[in-house]
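Visitor: Below you will find the structure I want to go over with you.
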Amino acid sequence: MKTFYSPLHVEHAPKEEFEAGRLSPAVEVPERAERVRRRIEERKLGPILAPQEFGDEPILRVHEPAFIQFMGGAYDQWRRRYPQDTADAIPSAWPGRGMRPQHGDIESALGSYAFDTATPITRGTWSGARAAANVALSAAQGVAEGEHAAFALTRPPGHHAAADVFGGYCYLNNVAIAAQWLSDRGMRPAILDVDYHHGNGTQSIFYGRNDVLFVSIHADPSFAFPHFLGFANERGEGAGEDFNLNLPLERHADWAVYSKALATAGNRIREFSPDVLLVSLGLDTFEADPISHFRLKAENYLRMGEVIARLRKPTLFAFEGGYNLDALAEITVNVLEGFAIR
Ligand code: 6XA
Ligand code: ZN
């Protein structure tokens, strides 16, 4: 299996996030993807390739032009506002109900576009996010040209980012951009999101459509981030009705619980009969993940890969969450190997 990877992600290195009432060290760090890349080399999964540059066009098929323009200049705007400081950009005010979103200055724009305080914009954020989108698009191109599978080692992740919203460590929705690019080339994509957190951004991008299926297995938003989307009764709207399937699980779901949901997801995907499958591959379902509560074990990720392989579709895996640095590389490659062996 080919892996697509760009070193530009390393320059996206948030120092801190605001969480649980305090500034704490960032968990979405460059070492995550670096460890995975090294393990792919060690376990000889296949070649690691640089992405091609796809330009703005495929990004603008998913994201609002004004949002992209804001993102491109946000860090410079922030630095001009706080020239004596070195802190990354984090919003501190939001347009609450009855107020009006504004984009004229950096504080109002941050509050209008962001949905949390855990997603700082740093000097290297935009180039890293752009590179991640190119990584996903390059993997999509590989699959479109006949590869049975490809791994997009995307960092920063993407599944929380909506058309004009960033948050949950995500700025551009890598999987949505790749799915749209494939759809624009006549393919029928299904997206399976196995991250611990609901992929609210991906859901919202395709919510009104029946030509892209979105299925997500995640911690119930009644107790887990992103809190405001991901409930079982969100089934799509208009033409998209019944083309969105949320499978929220209990706090301590283990493989017995998880694998049942995965089978349900698989049945829906088979029924949809996609030309291509995109997997939002979050690894924060692991039993020792520092920010999550599911109880999957390392060997379960081999099974996950096998179950996905049994769908027998050209498959693009895109990296999302997962924060246990000691286990992350092993469990990521377990999924990919489980898929490849099958
Ligand atoms: C911020 C938690 C962000 C979760 C990010 C993630 N309070 N998403 O892993 O998949
Ligand atoms: Zn996650």
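Visitor: Looking at ASN210, ASN200 in this structure, which one is within 16 Å of the chain's Cα centre (by Cα) and of a type outside the set (Gly, Ala, Ser)? If you could, list the steps in order and put the result at the bottom.
Guide: Numbers: ASN210 fails: within 16 Å of the chain's Cα centre (by Cα).
Within the list ASN210, ASN200, the selection yields ASN200.
Visitor: Output yes when any residue across the stretch 148-156 is among the β-branched types (Val, Ile, Thr), within 16 Å of ligand 2 (Cβ to nearest atom) and modelled with pLDDT of 95 or more, and no when none is. Talk me through it step by step, then tell me what you get.
Guide: Filtering the stretch 148-156 down to residues among the β-branched types (Val, Ile, Thr) leaves 154.
Next, from what is left, pick out any that are within 16 Å of ligand 2 (Cβ to nearest atom): 154.
Remaining after also requiring modelled with pLDDT of 95 or more: 154.
Yes - at least one qualifying residue is present in the stretch 148-156.
Visitor: Of the residues GLU34, GLU17, GLU11, which single one is of a type outside the set (S, T, N, Q), surrounded by fewer than 16 Cβ atoms within 10 Å (Cβ to Cβ) and at negative phi?
Guide: After ruling out the rest, the residue left standing is GLU11.
Visitor: Kindly provide the set of residues from the stretch 278-306 that are closer than 18 Å to PHE214 by Cβ and more than 12 Å from ligand 1 (Cβ to nearest atom), ordered by number.
Guide: Once the filter is applied, which keeps residues that are closer than 18 Å to PHE214 by Cβ and more than 12 Å from ligand 1 (Cβ to nearest atom), the stretch 278-306 yields LEU278, VAL279.
Visitor: Output the number of residues of the stretch 160-215 satisfying the condition of being among the aromatic types (Phe, Trp, Tyr) and at positive phi. Write out each step before concluding.
Guide: Of the stretch 160-215, the ones among the aromatic types (Phe, Trp, Tyr) are 166, 169, 171, 181, 196, 206-207, 214.
Now narrow it down to the ones that are at positive phi: 169.
Qualifying residue count, the stretch 160-215: 1.
Visitor: Let me ask something additional. Collect the residues in the stretch 169-194 that are closer than 24 Å to MET304 by Cα and among the basic types (Lys, Arg), keeping them in residue-number order.
Guide: The answer is ARG188, and nothing else.
Visitor: Within the bounds of the stretch 231-252, is there any residue that is closer than 26 Å to ALA33 by Cβ, of a type outside the set (S, T, N, Q) and modelled with pLDDT of 95 or more? Steps first, please.
Guide: Step one: list which residues in the stretch 231-252 are closer than 26 Å to ALA33 by Cβ, which gives none.
No, the stretch 231-252 contains no residue that is closer than 26 Å to ALA33 by Cβ, of a type outside the set (S, T, N, Q) and modelled with pLDDT of 95 or more.
Visitor: Let me ask something additional. Of all the residues that make up the stretch 246-284, how many are hydroxyl-bearing (Ser, Thr, Tyr) and in contact with a His (Cβ under 9 Å, 6 or more places away or on another chain)? Lay out the reasoning, then the answer.
Guide: Looking only at the stretch 246-284, we keep the residues that are hydroxyl-bearing (Ser, Thr, Tyr), and these are 258-259, 264, 273, 280.
Those left that are additionally in contact with a His (Cβ under 9 Å, 6 or more places away or on another chain): 280.
Total meeting the criteria: 1.
Visitor: Something else about it: Only helices (runs of 4 or more DSSP H) wholly contained in the stretch 248-342 count here; list those with 3 or more residues that are within 16 Å of ligand 2 (Cβ to nearest atom). Reasoning before the result, please.
Guide: Working: elements: 255-272, 298-309, 328-341.
Because the criterion is at least 3 residues that are within 16 Å of ligand 2 (Cβ to nearest atom), the helices (runs of 4 or more DSSP H) in the stretch 248-342 that meet it are 328-341.
Visitor: Having 2 or more residues that are away from ligand 1 (no atom under 16 Å from the Cβ) and in contact with a Pro (Cβ under 7 Å, 6 or more places away or on another chain) is the bar; report the strands (runs of 3 or more DSSP E) wholly within the stretch 129-227 that clear it.
Guide: Numbers: elements: 149-152, 189-193, 213-219.
So the answer is 189-193.
Visitor: Further question on the same structure: So which residues in the stretch 93-111 are buried (at least 20 other Cβ atoms within 10 Å of the Cβ) and out of contact with any Lys or Arg (no Cβ under 9 Å at 6 or more places or on another chain)?
Guide: As a first pass, look at the stretch 93-111 and keep what is buried (at least 20 other Cβ atoms within 10 Å of the Cβ): 106, 109-110.
Those that are buried (at least 20 other Cβ atoms within 10 Å of the Cβ) and out of contact with any Lys or Arg (no Cβ under 9 Å at 6 or more places or on another chain): ALA109, LEU110.
The values are calculated or read from the model by the stated rules, or taken from the named source; none is laboratory data. These numbers were taken from a predicted model, which means no experiment stands behind them. Reconstructed Cβ throughout: ideal geometry from the backbone, glycine too, with neighbour counts over all protein chains shown.
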